[in-house]
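Q: Sharing a structure below in structure tokens format, with a few things to ask.
The values are calculated or read from the model by the stated rules, or taken from the named source; none is laboratory data. Treat the numbers as computed from the prediction; the structure is a model and nothing was measured. In this analysis, Cβ positions are derived from the backbone assuming ideal geometry, glycine residues included, and neighbour counts consider all displayed protein chains.
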Ligand SMILES: Cc1cc2nc3c(=O)[nH]c(=O)nc-3n(C[C@H](O)[C@H](O)[C@H](O)COP(=O)(O)OP(=O)(O)OC[C@H]3O[C@@H](n4cnc5c(N)ncnc54)[C@H](O)[C@@H]3O)c2cc1C
């Protein structure tokens, strides 16, 4: 590939790589490509770092932790992560249905699982990228040609700029502008049928190292500890309950409190400790997987390439995998075209499987009928530990790097 340490290419092309989107995927890609000595710049539309990742927690499973370690971030990650050693599934009536000893897998593959605060993870990644992250730079369009890729950037105040690079990576999330340019006739993302509400609160005394999932009729509640004495919680309701909070005259806190009344401890305590007006709905979307992400010198990565429902906690982890694998492909290939072909070959099927499996789990979680939910509980008691546990972690740890 051209553009290593300064770049070459045609007369207008300055060489190197432009990444659109300064989320987990875009920043990790910059870190990975810079290790190859490539000139890499991240263009992020938000003008202020605090607005890119505004809150919440994130599970980094074995695959993502392994990739971040390979990128040299082992020590930084250990500082911000809280190690998760077990995952539990409970019924909304308080009965434990299954327990997964996650630490067994961690010991077997020599990699822990971390729960992290999103702002801390973002700080860690932006700290590595430094001045190569350009804020207030929105990708407003692009064109590909024989001499690389032209990206049109719009800046606050109406300023415009065009840049020319060998490779453009669209890491601009669910409603990616880069993807819309490559696939103009594609329908919009698909609403998965459920909505998440979340909070981060001081730990009211939850068990350290345990990720708890509570399943009820058309509703779920998950929580896990983060570092620094905090706990992240996520309440999931079916359909768009609570949309138009102003019209309803309620706060998110009131809606979630009502929806999860009577659920086992510490659900009420976690909701109650979160400022009611800060609890806002996040609709969950995905897309049916597609076989190709690349055209000319442009490719997609993370949610821009394969948005998935959050049920396996893999959206961010897969964007980290994409970043490492893309850098390996660029390193191994003789041309950008060859690198992107290799990247798709290694990533499309794996991510499609995870998108589909996340979709199935989401559908099961929406069941409301009492008999179906009882059947689901029996299934979780009998099969979750014996079958689903192994299948889930075979998938998560089944990386090719
Ligand atoms: C409730 C919830 C819980 C989740 N839990 C987990 C979990 O536990 N583990 C996990 O791995 N994943 C989880 N996910 C999924 C994860 O958050 C996403 O998959 C991940 O953030 C995707 O990262 P990304 O970098 O691809 O995209 P994003 O994080 O969406 O980043 C895209 C960036 O691009 C910028 N951008 C957009 N358009 C433009 C433009 N035109 N020009 C310039 N910049 C632009 C945006 O401002 C943004 O900063 C969860 C998701 C939700 C909703």
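Q: Can you name every residue in segment 286-310 that is more than 30 Å from residue 145 (Cβ to Cβ) and near the ligand (Cβ under 9 Å from one of its atoms)?
A: Hits for segment 286-310 are 308, 309, 310.
Q: Here is a list: 38, 73, 60, 77. Which entry is over 25 Å from residue 211 (Cα atoms) and in the same structural domain as residue 330 (by TED's automatic domain parsing)?
A: Checking each option against the conditions leaves just 38.
Q: Would you point out which residue out of 271, 336 is more than 16 Å from the ligand (Cβ to nearest atom), modelled with pLDDT of 95 or more and buried (at least 21 other Cβ atoms within 10 Å of the Cβ)? Working first, answer last.
A: Details: 271 fails: more than 16 Å from the ligand (Cβ to nearest atom).
Unique residue meeting the criteria: 336.
Q: So, residue 252, is that one free of Cβ contacts under 8 Å to residues at least 60 places away in the same chain, touching a strand residue (DSSP E or B) at 6+ places or on another chain (Cβ under 9 Å) and crowded, with 19+ Cβ neighbours inside 10 Å or not?
A: Working: free of Cβ contacts under 8 Å to residues at least 60 places away in the same chain: yes; touching a strand residue (DSSP E or B) at 6+ places or on another chain (Cβ under 9 Å): yes; crowded, with 19+ Cβ neighbours inside 10 Å: yes.
It is true that residue 252 is free of Cβ contacts under 8 Å to residues at least 60 places away in the same chain, touching a strand residue (DSSP E or B) at 6+ places or on another chain (Cβ under 9 Å) and crowded, with 19+ Cβ neighbours inside 10 Å.
Results for (1) touching a helix residue (DSSP H, G or I) at 6+ places or on another chain (Cβ under 6 Å); (2) within 27 Å of residue 364 (Cβ to Cβ), shown as yes or no for each residue.
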position	(1), (2)
67	yes, no
75	no, no
81	no, no
103	no, yes
113	yes, yes
128	yes, no
150	no, no
161	no, no
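Q: All but one of (1) within 27 Å of residue 215 (Cα to Cα); (2) over 18 Å from the mean Cα position of the chain (by Cα) hold for residue 113; state the number of the condition that does not hold.
A: Every condition holds for residue 113 apart from (2).
Q: Considering 72, 23, which residue is within 12 Å of the ligand (Cβ to nearest atom), within 27 Å of residue 298 (Cα to Cα) and at pLDDT 95 or above?
A: Details: 72 fails: within 12 Å of the ligand (Cβ to nearest atom).
So the residue among 72, 23 that is within 12 Å of the ligand (Cβ to nearest atom), within 27 Å of residue 298 (Cα to Cα) and at pLDDT 95 or above is 23.
Q: How many residues are within 19 Å of residue 184 (Cα to Cα) and in contact with a strand residue (DSSP E or B) (Cβ under 8 Å, 6 or more places away or on another chain) if we restrict to segment 125-152?
A: Within segment 125-152, the first condition is being within 19 Å of residue 184 (Cα to Cα), and the residues that meet it are 138-145, 149-152.
With the extra rule that they be in contact with a strand residue (DSSP E or B) (Cβ under 8 Å, 6 or more places away or on another chain), the set shrinks to 138-144, 149-152.
Going through segment 125-152 one residue at a time, the tally reaches 11.
Q: Can you work out which of the residues in segment 149-180 that are crowded, with 17+ Cβ neighbours inside 10 Å and in a helix (DSSP H, G or I) is farthest from the ligand (Cβ to nearest atom)?
A: This residue is 179.
Q: Considering 397, 299, which residue is crowded, with 23+ Cβ neighbours inside 10 Å and at pLDDT 95 or above?
A: Answer to the check: 299.
Q: Failed condition for residue 194, given (1) in contact with a helix residue (DSSP H, G or I) (Cβ under 9 Å, 6 or more places away or on another chain); (2) under 26 Å from residue 43 (Cα atoms); (3) in contact (Cβ under 8 Å) with a residue 60 or more places away in the chain, with all others met?
A: Evaluating residue 194 over (1) in contact with a helix residue (DSSP H, G or I) (Cβ under 9 Å, 6 or more places away or on another chain); (2) under 26 Å from residue 43 (Cα atoms); (3) in contact (Cβ under 8 Å) with a residue 60 or more places away in the chain leaves (2) as the failure.
Q: Taking residue 345 as meeting all but one of (1) free of Cβ contacts under 8 Å to residues at least 24 places away in the same chain; (2) in a loop (DSSP other than H, G, I, E, B), write down the number of the exception.
A: That leaves (2) as the condition not met.
Q: Right, next: Is it true that residue 91 is in contact with a helix residue (DSSP H, G or I) (Cβ under 7 Å, 6 or more places away or on another chain) and modelled with pLDDT of 95 or more? Steps first, please.
A: Numbers: in contact with a helix residue (DSSP H, G or I) (Cβ under 7 Å, 6 or more places away or on another chain): yes; modelled with pLDDT of 95 or more: yes.
In short, yes.
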